[in-house]
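Worksheet: the structure to be examined is printed underneath.
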Amino acid sequence: MAQTRNRRAGVEDRWTRADGEPSKRHGKGLRWLGRYVDDEGHEHTKSFARKVDAKKWVDDQSAALVNGTYVDPKRGIITFSSYYREWSQQQAHWTNGTRAAMNLAANGVTFGDKAFAKLDESDVQRWVKSMADDGLEASTIRTRYANVRTVIRAAMRGRNRCLSFDPMDDVKLPRATGRIRIPTPDEVRALLTAAGPEFEAFVALCAFAGLRLGEAAALRVSDVKFLELEIHIEQQVQRANGKAVEIRAPKYDSVRTVATDEGLTRILARHVADRVPGEDPNRWMFPGEGEHPMHQNSVGYRWRKARVDAGLDWAPHLHDLRHFFASGLIASGCDVVTVQKALGHKSASVTLNTYSHLWPDASDRTRKATKSLMASVFAEQPTKAAAD
């Protein structure tokens, strides 16, 4: 069994022998040879014209071995695209939607054929600029950037890492031009009316329980606890390759229970009685074709029709009803954790990043306190006669 060499490093003068006499290679090629042995016992060498450069290279590699940021030169020549192809195949937990979004971002980078060892911030910045030049929205650019950064972070982990630093750290991203637009109560009322008996309950679930499209479509009758005033979200509908219907766990595994009230449960109960025949408690709340529930295509068709029939001056997405629900929770005084759990967000930071502008800030609280103080001073006092 071969013995593994211990970690070591040094610089060798190839022009001079140990006794100080010129070597056979004197004057030929680069004089200084840096060498080190990594944790696997593999020796690495590199030639330099100057001793100071050879010593710096050896010192940098030795320091990387000590602090855990070392990258094997053979891994450093791997390109972003080749790494992504292999790494993405190992992500068995991805939904079809996640895989499609990751492929779109990773396959669209302008540095796909560049080796990790040569990748730097300027490459990523040029990619971001190219997306902006192509007219992509700031929010879309930020989403694709975040997806690509997930790949970069994966390539930085473990003993088989491909790069030792994050080239996306100091990249400047375009600012969003505006905040999300939230439908008004009047607009939601118009959408509910335009949805008609067949689709009203679906719209109501998104507006008054904050369900995502796939979550609402995957509801079974038994998921609505009419007496307890609760809705259990345990699955979602996904389309595989745009065709096959799949039932999966909710996004980010956001299984949750949403508290509701009699108003929404009455709408759902009427929908079940009128449009969901049968006795099986596990039948779909929104039946589709055959044994499947409604899905993205069938829901999208009905939503677009309701949006047109509502006669609004803008074209809201179904997801905007989820924003409507969130804004209502915040306006009623719910804290960030409550909103996060109701919406099934992955973390509270996601909730804050999306809706922080809806929570009262210090100025709002100051105005409210001032109003209260002024009311206490200038409130009409009872007359003396009335007091007697």
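The values are calculated or read from the model by the stated rules, or taken from the named source; none is laboratory data. Because the structure is a prediction, the values reported are computed rather than measured. Because the Cβ atoms are built from the backbone with ideal geometry, glycine has one as well, and the counts that use them run over all protein chains shown. Protein only, heavy atoms only, side chains kept; ligands, DNA and RNA dropped before computing areas. Shrake-Rupley method; radii C 1.70, N 1.55, O 1.52, S 1.80 Å.
Among the residues of the stretch 200-207, are any surrounded by 21 or more Cβ atoms within 10 Å (Cβ to Cβ), more than 30 Å from Ala115 (Cα to Cα), in contact with a strand residue (DSSP E or B) (Cβ under 8 Å, 6 or more places away or on another chain) and free of Cβ contacts under 8 Å to residues at least 40 places away in the same chain?
No: the stretch 200-207 contains no residue that is surrounded by 21 or more Cβ atoms within 10 Å (Cβ to Cβ), more than 30 Å from Ala115 (Cα to Cα), in contact with a strand residue (DSSP E or B) (Cβ under 8 Å, 6 or more places away or on another chain) and free of Cβ contacts under 8 Å to residues at least 40 places away in the same chain.
Report, by residue number, each residue of the stretch 1-44 that is among the β-branched types (Val, Ile, Thr), modelled with pLDDT under 85 and part of a strand (DSSP E or B).
Initially, the stretch 1-44 is screened for residues among the β-branched types (Val, Ile, Thr), giving 4, 11, 16, 37.
Now narrow it down to the ones that are modelled with pLDDT under 85: 4, 37.
Residue satisfying the conditions is Val37 alone.
Being open to solvent by less than 60 Å² (accessible area, probe 1.4 Å) and under 15 Å from the mean Cα position of the chain (by Cα) is the filter here; which residues of the stretch 351-369 pass it?
Thr351, Thr354
Within the stretch 57-73, is even one residue part of a loop (DSSP other than H, G, I, E, B), open to solvent by less than 40 Å² (accessible area, probe 1.4 Å) and closer than 30 Å to Arg239 by Cβ? Please lay out each step first, then the result.
Quick first cut of the stretch 57-73, residues part of a loop (DSSP other than H, G, I, E, B) only: 68-72.
With the extra rule that they be open to solvent by less than 40 Å² (accessible area, probe 1.4 Å), the set shrinks to 68, 70-72.
Adding the requirement that they be closer than 30 Å to Arg239 by Cβ leaves none.
No, the stretch 57-73 contains no residue that is part of a loop (DSSP other than H, G, I, E, B), open to solvent by less than 40 Å² (accessible area, probe 1.4 Å) and closer than 30 Å to Arg239 by Cβ.
This table checks each residue for (1) closer than 26 Å to Lys368 by Cα; (2) crowded, with 16+ Cβ neighbours inside 10 Å; (3) of a type outside the set (A, V, I, L, M, F, W, C); (4) touching a helix residue (DSSP H, G or I) at 6+ places or on another chain (Cβ under 6 Å).
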residue	(1), (2), (3), (4)
Arg304	no, no, yes, no
Asp313	no, no, yes, no
Asp320	no, yes, yes, no
Lys346	no, no, yes, yes
Ser349	no, no, yes, no
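Give me the pairs: first residue in the stretch 209-232 and free of Cβ contacts under 8 Å to residues at least 24 places away in the same chain, second residue open to solvent by less than 20 Å² (accessible area, probe 1.4 Å), beta-carbon distance under 8 Å, and six or more apart or on different chains, which are they?
Filtered contacts from the stretch 209-232: Lys225/Ile231.
Consider only pairs whose beta carbons are under 6 Å apart and that are at least six residues apart or on different chains; among these, list those whose first residue lies in the stretch 320-347 and is in contact (Cβ under 8 Å) with a residue 60 or more places away in the chain and whose second residue is open to solvent by 40 Å² or more (accessible area, probe 1.4 Å) and assigned to a helix (DSSP H, G or I).
Listed pairs, sorted by first residue: Ser327/Leu358; Lys346/Tyr252.
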